1. Inspect all residues belonging to the range 43-63 and state whether any of them is of a type in the set (Asp, Glu) and either modelled with pLDDT under 90 or over 22 Å from Ser207 (Cα atoms) (or both).
2. Residues of the range 203-218 being in a helix (DSSP H, G or I) and either at pLDDT 95 or above or not hydrophobic (A, V, I, L, M, F, W, C) (or both), which ones?
3. If you check Arg200 against the conditions, is it more than 27 Å from Asp7 (Cα to Cα), in contact with a Gly (Cβ under 8 Å, 6 or more places away or on another chain) and either hydrophobic (A, V, I, L, M, F, W, C) or modelled with pLDDT of 75 or more (or both)?
4. Does Arg109 meet the test of being over 23 Å from Ser195 (Cα atoms) and part of a helix (DSSP H, G or I)?
5. Residues of the range 41-72 being assigned to a strand (DSSP E or B) and within 17 Å of Gly129 (Cα to Cα), which ones?
6. Quick check, is Leu43 crowded, with 16+ Cβ neighbours inside 10 Å and either farther than 23 Å from Ser164 by Cα or touching a residue at least 24 places away in the same chain (Cβ under 8 Å) (or both)?
7. What number of residues in the range 179-199 are under 15 Å from the mean Cα position of the chain (by Cα) and assigned to a strand (DSSP E or B)?
8. Give the number of residues within the range 162-178 that are modelled with pLDDT of 70 or more, assigned to a helix (DSSP H, G or I) and touching a helix residue (DSSP H, G or I) at 6+ places or on another chain (Cβ under 7 Å).
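The values are calculated or read from the model by the stated rules, or taken from the named source; none is laboratory data. The shown structure was predicted, so the numbers you read here are calculated from the model rather than taken from an experiment. Counting neighbours? That spans all protein chains shown, and the Cβs are built from the backbone with ideal geometry, glycine included.
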Amino acid sequence: MVRKMFDTIAPRYDLVNRLMTFGLDVRWRRIAAKALGLAPGALVLDLACGTGDFQKILRARGISTIGMDLSWGMLAANRTHQALAQVDGASLPLSSHSVDGATCGYALRNFTELQAVFNEFGRVVRPGGRISLLDVCEPESGLLRWGDQLWFRRMVPVIGGLLSDADAYRYLPESTAYLPPPETVRSMLRDAGFSAVNHRKLMGGLSQLYTATRQGAP
């Protein structure tokens, strides 16, 4: 269902993203890329790479990427000219310790086997490597929370319906409920072999960022 949904919305995915976040999604990806803390020349897996937003930002920092996504439609819309593959995130076609880091932007809540995905990150990222994972969040403060719910649950489906697919843009705001709470996610990452697991909210809780380091000697 998720694969078909993203295949459908791929042609106008970037346009709707910019409109529904007022362009802030690009800023948050830049923050996540900086937090990755890897030097130019590193090789990074971008899982759920979509049309390549994260890849472009990483490439601008001198980092090479391998983009992987379940949706063929998203890969077809990707114009980064870097390596791409259609995969299930719970079974990555990479050798152990073969990449310096991994990123994932706004897709954790779409994985039905999140621990298996984290375990794969732990397998393919080299010891001392880094991960930086972005996803949506719900603000805790009253006014910001009210505005967030009004915009993402009422207005975004309307915009998505006009420009792309209404059902998809009803699902995406509601899918926040599928993401485990931060302490659970942090525990899952530690179980997958990561240390220094950090969680922080961005812009009052409109987005959230997890960063961690693969355990073991580099």
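1. Of the residues in the range 43-63, the ones of a type in the set (Asp, Glu) are 46, 53.
From what is left, the residues that are either modelled with pLDDT under 90 or over 22 Å from Ser207 (Cα atoms) (or both) are none.
Checking the range 43-63: not a single residue is of a type in the set (Asp, Glu) and either modelled with pLDDT under 90 or over 22 Å from Ser207 (Cα atoms) (or both).
2. Narrowing the range 203-218 to residues in a helix (DSSP H, G or I): 203-205.
Once the filter is applied, which keeps residues that are in a helix (DSSP H, G or I) and either at pLDDT 95 or above or not hydrophobic (A, V, I, L, M, F, W, C) (or both), the range 203-218 yields Gly204, Gly205.
3. On the way: more than 27 Å from Asp7 (Cα to Cα): yes; in contact with a Gly (Cβ under 8 Å, 6 or more places away or on another chain): no; either hydrophobic (A, V, I, L, M, F, W, C) or modelled with pLDDT of 75 or more (or both): yes.
Judged against the criteria, Arg200 is not a match.
4. Working: over 23 Å from Ser195 (Cα atoms): no; part of a helix (DSSP H, G or I): yes.
So Arg109 fails the test.
5. To start, the set of residues in the range 41-72 that are assigned to a strand (DSSP E or B) comprises 43-47, 64-69.
Matches in the range 41-72: Leu43, Val44, Leu45, Asp46, Leu47, Ser64, Thr65, Ile66.
6. Details: crowded, with 16+ Cβ neighbours inside 10 Å: yes; either farther than 23 Å from Ser164 by Cα or touching a residue at least 24 places away in the same chain (Cβ under 8 Å) (or both): yes.
In short, yes.
7. 1
8. 9
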